[in-house]
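Reading through the structure tokens given below for one structure.
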Amino acid sequence: MLLWSLWVLYSTLPDLLKTDPQRGMLHASSLVGIVMVAGVSLLGITVVLWTLGIGPNIGV
């Protein structure tokens, strides 16, 4: 599913932005990078909050 999503992003973004394929690849790569950084940042924030005791009470 992830590979299909990336394929759709890389193949359709130049058409949506009405740019040449090289610029579309650059935009798509930038978008993938931003999403990856946001995901890792969210993971780090979650770890910090769980360490501070803010999280679900699972009875441990």
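The values are calculated or read from the model by the stated rules, or taken from the named source; none is laboratory data. Everything quoted here is computed from the prediction, not taken from an experiment. Here the Cβ positions follow ideal geometry from the backbone for every residue, glycine too, while neighbour counts run over all protein chains shown. We work out accessible area using only protein heavy atoms, side chains counted, and drop any ligands, DNA or RNA first. Shrake-Rupley method; radii C 1.70, N 1.55, O 1.52, S 1.80 Å.
A few remarks follow.
- Average accessible area per residue (Å²) across the chain - probe 1.4 Å, nucleic acids and ligands excluded: 86
- Percent of C-alpha pairs per 10 Å bin in the chain, short distances first: 21, 31, 20, 17, 10, 1.
- R0 of 22 Å, Cβ-Cβ distance Leu2-Leu49: FRET efficiency to nearest 0.05: 0.25
- Estimated from helices alone, the mean residue ellipticity of the chain at 222 nm is -27500 deg cm²/dmol (sum of -39500 (n - 2.57) over DSSP H runs with n ≥ 4, per residue).
- With all protein chains modelled, accessible area of Ile54 [1.4 Å, Å²]: 100
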